[in-house]
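The values are calculated or read from the model by the stated rules, or taken from the named source; none is laboratory data. All figures in this text were calculated on a predicted structure; none of them were measured in a lab. Neighbour counts are summed over all protein chains in view; Cβ atoms, including those assigned to glycine, are modelled from backbone coordinates with ideal geometry. Each accessible area value is taken on the protein alone, full model and side chains, heavy atoms only, with ligands, DNA and RNA left out. Shrake-Rupley method; radii C 1.70, N 1.55, O 1.52, S 1.80 Å.
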Amino acid sequence: MIAIIASILLTIAIGLLGPSAMVPDLGGPAWLPPFSLDVRPDPHLVIGMAVAAIVLGGLGLFTGLTATRHVSRRPSAVPAHVQSAPHAAANASHPATGGANDVESAVTDRTTAGSPPGHRTGIGEHAEGTAPDHITEDSNHAEKSTSGPAATAHRSSRDGLSAAARLLVVVGCIAAGLLALLPPSGSGDHLNYAAYGRMVVLGVNPYTHGAVDLPGDPIARAVEEPWREEPSVYGPVATGAQALASWVGGDSLRLTMFVLAVLNSAAFVGTGLLIDRSTRRDPGRRLRAALLWTANPLLLYQLVAGMHVDTLAVACMIAALLARGRPLRAGALLGLGVAIKVNAGLVALGPAWELRRRPGRLALMAGAALAVVIAGYAVVGTDAIEPVTRTSKAISHASYWKLVQGWLQTLVGPGSAYRGEIQIGSLLVLVLVAWSLFRLSHRLNPAGTPPAGPVRPQRTRARSLIPPSPSPSSSAVAASPSSSPLSSSSLSHAPSAGQAAGLPAEVVAAVLVSAYVFATPYILPWYDGMAFALLALVAATAFDGFLVAHLLALSLAYLPARVIVLPDDLGWLRDVVRPQIVPWVLLALTAALVWWAWRAARPVRTRPAPAGRPS
């Protein structure tokens, strides 16, 4: 917690100090927001502060996420028969339907192995508001059994986790609010946003013109090289938000930036509150979700202080996933997300997979999404499509595909950039990473989806990505006095076609987006934001650490993410760390992720315990 707070404070301090190597100068009167002390610190100081903020933030996340995983693995203090009876009876009284509404309820109501089950609403409640006699007797027995010291300690532990989660959510929301009042830091992308919005207000097409086409304009002249000639690559909804900020801000770059910052921070906080609400029934998951998003110091540094438009796309996609019980609403939100950034459309494959056997609901959702996207691009015109297709073949300097490009030019010849070959290679890596992660996700059935047939329990090396939920079969094992001492959280069934078919939307989306950020040739630190948000909706695994390491390495590669002249003794950050060290780190990290996922998904066969001697 100390490292996380220190990282957040350093990020705030960088903006508070005012224009520097990390903070572009916004000009204008100091009494207009965003506010700063206008100290104009030395590049060595602010870059050192940024390094400290990133490293402390990464260490704090590693420590916090590891602790929450250990908490979720602890066996419950409540006796097994108390845990199993009410939940098993509830499941028996309401068979799963496999529909989107059921999955959505299950996402918000699942419990981990350390949480007392039986508190789900909707699914698992008796239709008449009362339970059959045998359920009532089990429940009464459970109440008596949970009144002792062990149950009191268990409730105290849950209360402590809930309090820690609430504190982190409050800290993250306050930090996001403060950063909205300070000038953006870390990159110059926000200057491009202001210029694109300015073009719309002035009647210039931002998809065919760059800032250079507005000579002498008080907003466009602030755009930094090499982006002055680049048209917008963002969707029509993002451009609309930028135009709104420009209309409010007028000729003032500071006021335009403040409006954009408020919109961005509101989207970040709103996403955090949605995620917190969806995990509130499980204190362990709620605490982990707060670490992954709302109080994540690396995301506060990149998405909020850096003020990237990706935050708006994440907000729409998370809202869509949590609203997918209402196809029209979810579809409209999915369309908005795609109309902000096209690559956010990967998330839509999650609900599409979940509803593939319900064509009516799938058609409603897809129709609403397409209607929003088509309407948006109809407004801005087809000129908005060409910049996106052009940038899709770009390769960022910190990507390991830059290494591959160099190897191809050395071995084959320097006459080509080999972009087509690299695109094919990245697609193959995406499939490999996604397949590896999907093998992990099949180890447990989603809540409310019964196994396709009788399968033999096996122990596995890792927990599933699917949020855990006891099933009637596992509850029966826990309740049986002659059952194995293994808890239900350590048992997993071999994957089957029925289990693969039952993957919930958030798991499919999390796997695909995570595979994308590990495989794409063009990767920047803030692209990881979508993966973190989706990861907060699924169960904890060691993959949390892989994603933190990925964002940590990328964040250190872009100090700052601006093309500016640095002092000679800091040039190695741009010339060595970014193109030579970080690409190797990301390549090793991707290889390690695939190796871990395959080993973790491999079943470990154990010999049965020898039978005890007869008495």
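Can you find a residue in region 244-259 that is touching a His at 6+ places or on another chain (Cβ under 9 Å) and either among the hydroxyl-bearing types (Ser, Thr, Tyr) or modelled with pLDDT of 95 or more (or both)?
Yes, some residue in region 244-259 is touching a His at 6+ places or on another chain (Cβ under 9 Å) and either among the hydroxyl-bearing types (Ser, Thr, Tyr) or modelled with pLDDT of 95 or more (or both).
On the basis of being modelled with pLDDT of 95 or more, of a type in the set (A, V, I, L, M, F, W, C) and out of contact with any Pro (no Cβ under 9 Å at 6 or more places or on another chain), does residue 592 make the cut?
yes
Residue pairs, Cβ under 7 Å, 6 or more apart or interchain, first in region 185-207 and farther than 12 Å from residue 232 by Cα, second in a helix (DSSP H, G or I) and of a type in the set (Phe, Trp, Tyr). List them.
Close Cβ pairs (under 7 Å, with a partner that is in a helix (DSSP H, G or I) and of a type in the set (Phe, Trp, Tyr)) amount to 186/301; 201/247.
Do the conditions hold for residue 577, that is, is it open to solvent by less than 40 Å² (accessible area, probe 1.4 Å) and closer than 30 Å to residue 435 by Cα?
Values: open to solvent by less than 40 Å² (accessible area, probe 1.4 Å): yes; closer than 30 Å to residue 435 by Cα: no.
The answer is no for residue 577.
Starting from residues that are under 30 Å from the mean Cα position of the chain (by Cα) and touching a residue at least 40 places away in the same chain (Cβ under 8 Å), keep the ones in region 208-229 and report whichever is farthest from residue 311 (Cα to Cα).
Only one residue fits best here, namely 226.
Taking region 23-41, which residues are open to solvent by less than 50 Å² (accessible area, probe 1.4 Å), under 20 Å from residue 562 (Cβ atoms) and of a type outside the set (Val, Ile, Thr)?
24, 26, 27, 34, 36, 41
Which residue, of 402, 393, is out of contact with any Cys (no Cβ under 8 Å at 6 or more places or on another chain), part of a loop (DSSP other than H, G, I, E, B), basic (Lys, Arg) and open to solvent by 20 Å² or more (accessible area, probe 1.4 Å)?
None of the other options fit; the residue is 393.
For the condition within 24 Å of residue 529 (Cα to Cα), open to solvent by less than 30 Å² (accessible area, probe 1.4 Å), at pLDDT 95 or above and not β-branched (Val, Ile, Thr), what is the one hit in 298, 349?
Sole residue among the options that is within 24 Å of residue 529 (Cα to Cα), open to solvent by less than 30 Å² (accessible area, probe 1.4 Å), at pLDDT 95 or above and not β-branched (Val, Ile, Thr): 298.
Just one of the numbered conditions (1) farther than 27 Å from residue 591 by Cβ; (2) modelled with pLDDT under 95 is not true of residue 369; which one?
(2)
Any idea which of 335, 325 is on the phi < 0 side of the Ramachandran plot, at pLDDT 95 or above and either of a type in the set (S, T, N, Q) or open to solvent by less than 20 Å² (accessible area, probe 1.4 Å) (or both)?
335
Filter region 186-221 down to the residues that are open to solvent by less than 10 Å² (accessible area, probe 1.4 Å) and either assigned to a strand (DSSP E or B) or among the polar types (S, T, N, Q) (or both) and list them by number.
Listed by number, the list holds a single entry, 187.
Does any residue in region 1-23 that is under 29 Å from residue 67 (Cα atoms) come within less than 9 Å, Cβ to Cβ, of a residue that is hydroxyl-bearing (Ser, Thr, Tyr) and in a helix (DSSP H, G or I) six or more places away or on a different chain, and which pairs are these?
Close Cβ pairs satisfying both conditions: 1/63; 3/63; 4/63; 7/301; 8/301; 10/301; 11/301.
Table: residues versus (1) closer than 14 Å to residue 302 by Cα; (2) β-branched (Val, Ile, Thr).
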site: 16; (1), (2): no, no
site: 33; (1), (2): no, no
site: 51; (1), (2): yes, yes
site: 58; (1), (2): yes, no
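Of a type outside the set (A, V, I, L, M, F, W, C), within 18 Å of residue 304 (Cα to Cα) and crowded, with 23+ Cβ neighbours inside 10 Å: is that true of residue 271 in this structure?
Yes.
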